[in-house]
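Asker: I'd like to ask some things about the structure below.
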Amino acid sequence: MKINRLSKESSPYLLQHANNPVDWFPWNNDALEKAKNEKKPILLSIGYSACHWCHVMAHESFEDIDTANIMNKNFINIKVDREERPDIDKIYQNAQILLNQRTGGWPLTMFLSHDNQIPFYGGTYFPKEQKYNLPAFKDLLTKISEYYKKHYDEIKKQDDSMIKALDSIYKPSKKNNFINEDINESFIENIKSSFDKEMGGFGSAPKFPQTTIILHALKYEGYSKKDILYMPIRSLEAMQEGGINDHIGGGFFRYSVDDIWMIPHFEKMLYDNALLLECYCLAYQITKKNKFYKTALSISLWIINDMKSENGNFYSSIDADSEGGEGKYYIWDTNEIKSCLTNDEYKIFSNRFGLEKGPNFEGKYHLYYFYKNKESFRCKKNIFSKAELIKIDSSIKKLKSVRDRRKSPEIDKKSLTSWNALTISSLIKFYNISKDEQFLVAAEDCLEFVLANMLVGDSLYATYKDDTPKYNGYLDDYAFLLNSIINFLMIKWSKYYLDYAVILANKLVEDFHDKKNGGFFFTDNNHEKLIQRPKPTSDDATPSGNGMATIGLLKLGFLLGQDNYIRVAESTFSYSSVYINEAVTSHCTLLDGYLMLRNNIVIIILKGESDNCRIWKDIAMNSKKSNAINIFTVTKEKTGYENLDNKKSLSEVTAYICIGKTCEVPINDIKDFSHRLNLL
């Protein structure tokens, strides 16, 4: 079997294509120079290893000899893993929107000019035969090749307008640089208009978790007075009961193909589960409902049992497909379930998951909570006794032992700094509500791994696989890791970790910050020159790097008394203001940071030994303003920062409550401390 250049790559996605008859290149200078020398257009294909439709296009076209012959004869073919090169993906997703006036996705299929990598045509999935109102891929290849040869001069003219359009996306606005005073009301209006009152969630099918919207609605204390908490809470209830949640093995799938959360696309992504874990932790803190705790525990166990390597880092994703079919690992035949359970167990299990209603996925069953009537569904009426719920849990364990013997989907075993950082933060959140040390240990093990293997000097790497870090870190890597270290410092103070937080913050300020216009570029000052330098402000499936950078810099700036960090965050809000005002629900993470600043961030510094401070910290974390409080137990060890070192321990524990840049009189009595917290 002939193998191509991708066989030398470490990316599981690229390796999936190493045996294709297509003469693939990874994105590198050799490919770009070959295109220039041979004057052939570039066919750029971007995807990721867990992507179902990427697999479909690969099987239909990239494994087909006739298609490969056309590609090899007429194009320089480049394959990119969007998780390794999100910089390239962001650029060409932007270009796809400009070319087609609609959002993109994966697989992304773009055709680029040979001499400058500017796209002139593109789309996402193209079928082998004409269908879905899409041309057959072979026909498209032939037509594009012919057109390119005959009309290259016209394409060159289009190139100029494409570059201008790409440049305009991140240009600073000439409008005022202030976020609207009523931005909270705009957020409320927006989510009310898109909220699905019946099934929860925001928007229609395909339905994504929209974790940044949910997190913002739960975090900001001011919304509790606006009667909007029912929207994130109802959404989390619907998702945990739906088929987007893996009721047998734990963890959530990427999204639902329908609007009732029943049938998902079956890939599982680390970042989705990290963010959903934080959502369920917050929902439990607010409501004290055990069902949210149970879901948070299920996600946490899935993360540390299924996604953790022996070195402590976390893998990226689990494929949607196994044994040639999407979801095959997860779906059930009723006879198989009956053979695993007693008659009594099956009857209860069937009532819970609606097995008598009929198959719901390709002639089989994908499990989701079933309600017999709309009234039960609306009221979330629990029709199962405690004894029956115990039997359902024991049935799930039996079915899991059977499922574990099936051929499981492939795991993408590369580690991404940004996604690992999100996971560290979320495991810390779960530790906060569970006090289960195994999750704090897992978070610290991962943090240690990242710092030891993916940070060299002050420079982060973005990915790690086969004992090798690769690719210079992106904005998300630095910003997410900075926040995870700050979150860890609130649990366990360490000068060692504080120094790393400062290194990352300084790197963000020096190498990513746009000193002229404000905001942060996605790539650093020394990055490979591409046709665009992205500067994204909006959230997508993960929080905005610009938003996370402002949050990290504000917390660290106020903690250490470093005004330069605060000024950089402020300049980011000024740059992003027009985008936030125009599309507030797309900018929830930046809004988190802005409201933290506008409402005066609360930093509490406890001076004393950790054991003595524990009760004080618990009081703060259980107060009504716990989501707005950033509390640090700082030992007597010198840090080199006056804002910390000048705060003395005047008794066993001394609390310094600082609101914005003003620190109040130190408190030495725990009752006075509790009273003051209630007045915040």
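The values are calculated or read from the model by the stated rules, or taken from the named source; none is laboratory data. The structure presented is a predicted model; accordingly, all values stated were derived computationally and were not measured. Neighbour counts run over all protein chains shown; Cβ positions are idealised from the backbone, glycine included.
Asker: From the list Lys400, Lys414, which residue is in contact (Cβ under 8 Å) with a residue 12 or more places away in the chain and closer than 30 Å to His527 by Cα?
Answerer: Working: Lys400 fails: closer than 30 Å to His527 by Cα.
Of Lys400, Lys414, the one residue that is in contact (Cβ under 8 Å) with a residue 12 or more places away in the chain and closer than 30 Å to His527 by Cα is Lys414.
Asker: Give the range 234-268 a look and list any residue that's over 14 Å from Tyr369 (Cα atoms) and charged (D, E, K, R), or say none.
Answerer: Arg234, Arg254, Asp258, Asp259, Glu267, Lys268
Asker: Being more than 30 Å from the chain's Cα centre (by Cα) and basic (Lys, Arg): is that true of Lys36 here? Break it down into steps so the answer makes sense when it comes.
Answerer: Details: more than 30 Å from the chain's Cα centre (by Cα): yes; basic (Lys, Arg): yes.
Here the answer is yes, as Lys36 does meet what is asked.
Asker: Do we find that Lys347 is free of Cβ contacts under 8 Å to residues at least 24 places away in the same chain and either not in a helix (DSSP H, G or I) or not small (Gly, Ala, Ser) (or both) in this structure?
Answerer: yes
Asker: Same structure, new question: Of the conditions (1) over 24 Å from Lys288 (Cα atoms); (2) free of Cβ contacts under 8 Å to residues at least 60 places away in the same chain; (3) surrounded by fewer than 19 Cβ atoms within 10 Å (Cβ to Cβ), Ser256 fails just one. Which one is it?
Answerer: For Ser256, the failing item is (3).
Asker: Of everything in the range 649-675, what is part of a strand (DSSP E or B), under 19 Å from Phe558 (Cβ atoms) and hydrophobic (A, V, I, L, M, F, W, C)? Give them in sequence order.
Answerer: The initial filter retains those residues of the range 649-675 that are part of a strand (DSSP E or B), namely 653-659, 662-663, 667.
Next cut, under 19 Å from Phe558 (Cβ atoms) only: 654-659, 662-663, 667.
Of everything in the range 649-675, those that are part of a strand (DSSP E or B), under 19 Å from Phe558 (Cβ atoms) and hydrophobic (A, V, I, L, M, F, W, C) turn out to be Ala655, Ile657, Cys658, Ile659, Cys663, Ile667.
Asker: Identify, from the list Asn612, Asn622, Asn678, Asn646, the residue that is more than 17 Å from Phe558 (Cβ to Cβ), without any contact (Cβ under 8 Å) to a residue 40 or more places away in the chain and not aromatic (Phe, Trp, Tyr). Spell out how you get there, then give the answer.
Answerer: Details: Asn612 fails: without any contact (Cβ under 8 Å) to a residue 40 or more places away in the chain; Asn678 fails: without any contact (Cβ under 8 Å) to a residue 40 or more places away in the chain; Asn646 fails: more than 17 Å from Phe558 (Cβ to Cβ).
After applying the criteria, what remains is Asn622.
Asker: Looking at Ile228 and the list (1) touching a residue at least 40 places away in the same chain (Cβ under 8 Å); (2) in a helix (DSSP H, G or I); (3) more than 30 Å from Arg406 (Cα to Cα), which single condition is not satisfied?
Answerer: For Ile228, the exception is condition (2).
Asker: Follow-up question, since we're still on this one. Considering Leu140, Leu112, Leu134, Leu108, which residue is without any contact (Cβ under 8 Å) to a residue 24 or more places away in the chain, surrounded by 16 or more Cβ atoms within 10 Å (Cβ to Cβ), over 30 Å from Glu221 (Cα atoms) and assigned by TED's automatic domain parsing to the domain that holds Lys39?
Answerer: Numbers: Leu112 fails: without any contact (Cβ under 8 Å) to a residue 24 or more places away in the chain; Leu134 fails: surrounded by 16 or more Cβ atoms within 10 Å (Cβ to Cβ); Leu108 fails: without any contact (Cβ under 8 Å) to a residue 24 or more places away in the chain.
Just a single option satisfies the conditions, and that option is Leu140.
Asker: Taking Thr589 as the residue in question, decide whether it is among the β-branched types (Val, Ile, Thr), touching a strand residue (DSSP E or B) at 6+ places or on another chain (Cβ under 7 Å) and buried (at least 23 other Cβ atoms within 10 Å of the Cβ). Show your work before the answer.
Answerer: Values: among the β-branched types (Val, Ile, Thr): yes; touching a strand residue (DSSP E or B) at 6+ places or on another chain (Cβ under 7 Å): no; buried (at least 23 other Cβ atoms within 10 Å of the Cβ): yes.
Criteria not met by Thr589.
Asker: Kindly establish whether Trp302 is modelled with pLDDT of 95 or more and buried (at least 23 other Cβ atoms within 10 Å of the Cβ). First the steps, then the outcome.
Answerer: On the way: modelled with pLDDT of 95 or more: yes; buried (at least 23 other Cβ atoms within 10 Å of the Cβ): no.
No; evaluated as a whole, the condition is false for this residue.
Asker: Further, regarding this structure: When you look at Ser394, is it closer than 30 Å to Glu326 by Cβ, part of a helix (DSSP H, G or I) and either hydroxyl-bearing (Ser, Thr, Tyr) or not assigned by TED's automatic domain parsing to the domain that holds Asp87 (or both), yes or no? Full working, then the answer.
Answerer: Numbers: closer than 30 Å to Glu326 by Cβ: yes; part of a helix (DSSP H, G or I): yes; either hydroxyl-bearing (Ser, Thr, Tyr) or not assigned by TED's automatic domain parsing to the domain that holds Asp87 (or both): yes.
Considered against the rule, which asks whether it is closer than 30 Å to Glu326 by Cβ, part of a helix (DSSP H, G or I) and either hydroxyl-bearing (Ser, Thr, Tyr) or not assigned by TED's automatic domain parsing to the domain that holds Asp87 (or both), Ser394 comes out as yes.
Asker: Moving on. Does Ile91 meet the test of being at pLDDT 95 or above and either out of contact with any Pro (no Cβ under 9 Å at 6 or more places or on another chain) or hydroxyl-bearing (Ser, Thr, Tyr) (or both)?
Answerer: Numbers: at pLDDT 95 or above: yes; either out of contact with any Pro (no Cβ under 9 Å at 6 or more places or on another chain) or hydroxyl-bearing (Ser, Thr, Tyr) (or both): no.
The answer is no for Ile91.
Asker: The conditions are (1) modelled with pLDDT of 95 or more; (2) over 21 Å from Met269 (Cα atoms); (3) out of contact with any helix residue (DSSP H, G or I) (no Cβ under 7 Å at 6 or more places or on another chain), and Thr67 fails exactly one of them. Which is it?
Answerer: Just one mismatch for Thr67, condition (3).
Asker: Now, a different point. List the residue pairs whose Cβ atoms are under 8 Å apart, where the first residue sits in the range 157-171 and is over 16 Å from Pro536 (Cβ atoms), the second is of a type in the set (A, V, I, L, M) and not in a helix (DSSP H, G or I), and the two are 6 or more positions apart or on different chains.
Answerer: Here the result reads Asp159/Ile118; Met162/Ile118; Ile163/Ile118; Ile163/Ile531, each pair linking the range 157-171 to a residue that is of a type in the set (A, V, I, L, M) and not in a helix (DSSP H, G or I).
Asker: What are the residues in the range 259-305 that are touching a residue at least 60 places away in the same chain (Cβ under 8 Å) and over 18 Å from the mean Cα position of the chain (by Cα), if any?
Answerer: Asp259, Ile260, Trp261, Met262, Ile263, Ala283, Tyr284, Gln285, Ile286, Tyr293, Leu297
Asker: Among the listed residues Asn581, Asn600, identify the single one that is of a type in the set (S, T, N, Q) and at positive phi. Spell out how you get there, then give the answer.
Answerer: On the way: Asn581 fails: at positive phi.
Within the list Asn581, Asn600, the selection yields Asn600.
Asker: Run Leu215 past the list (1) under 17 Å from the mean Cα position of the chain (by Cα); (2) surrounded by 23 or more Cβ atoms within 10 Å (Cβ to Cβ); (3) in contact (Cβ under 8 Å) with a residue 60 or more places away in the chain and report the number of the one that doesn't hold.
Answerer: Just one mismatch for Leu215, condition (2).
Asker: Still on this structure: Could you tell me how many of the residues in the range 255-281 are closer than 18 Å to Lys413 by Cβ and either in contact with a Ser or Thr (Cβ under 7 Å, 6 or more places away or on another chain) or among the basic types (Lys, Arg) (or both)?
Answerer: Kept after step one, since they are closer than 18 Å to Lys413 by Cβ, are these residues of the range 255-281: 267-274.
Narrowing the set further to residues that are either in contact with a Ser or Thr (Cβ under 7 Å, 6 or more places away or on another chain) or among the basic types (Lys, Arg) (or both) leaves 267-271, 274.
Going through the range 255-281 one residue at a time, the tally reaches 6.
Asker: Going through Phe202, Phe126 one at a time, which residue ends up being among the aromatic types (Phe, Trp, Tyr) and closer than 26 Å to Phe377 by Cα? Lay out the reasoning, then the answer.
Answerer: Numbers: Phe126 fails: closer than 26 Å to Phe377 by Cα.
On inspection, the qualifying residue turns out to be Phe202.
Asker: Going residue by residue through the range 191-199, is there one that turns out to be among the hydroxyl-bearing types (Ser, Thr, Tyr), buried (at least 19 other Cβ atoms within 10 Å of the Cβ) and either at pLDDT 95 or above or not in a helix (DSSP H, G or I) (or both)? Write out each step before concluding.
Answerer: Of the range 191-199, the ones among the hydroxyl-bearing types (Ser, Thr, Tyr) are 193-194.
Add one more test, that the residue is buried (at least 19 other Cβ atoms within 10 Å of the Cβ), and what stays is none.
Within the range 191-199 (the criterion being among the hydroxyl-bearing types (Ser, Thr, Tyr), buried (at least 19 other Cβ atoms within 10 Å of the Cβ) and either at pLDDT 95 or above or not in a helix (DSSP H, G or I) (or both)), the answer is no, since none of the residues qualifies.
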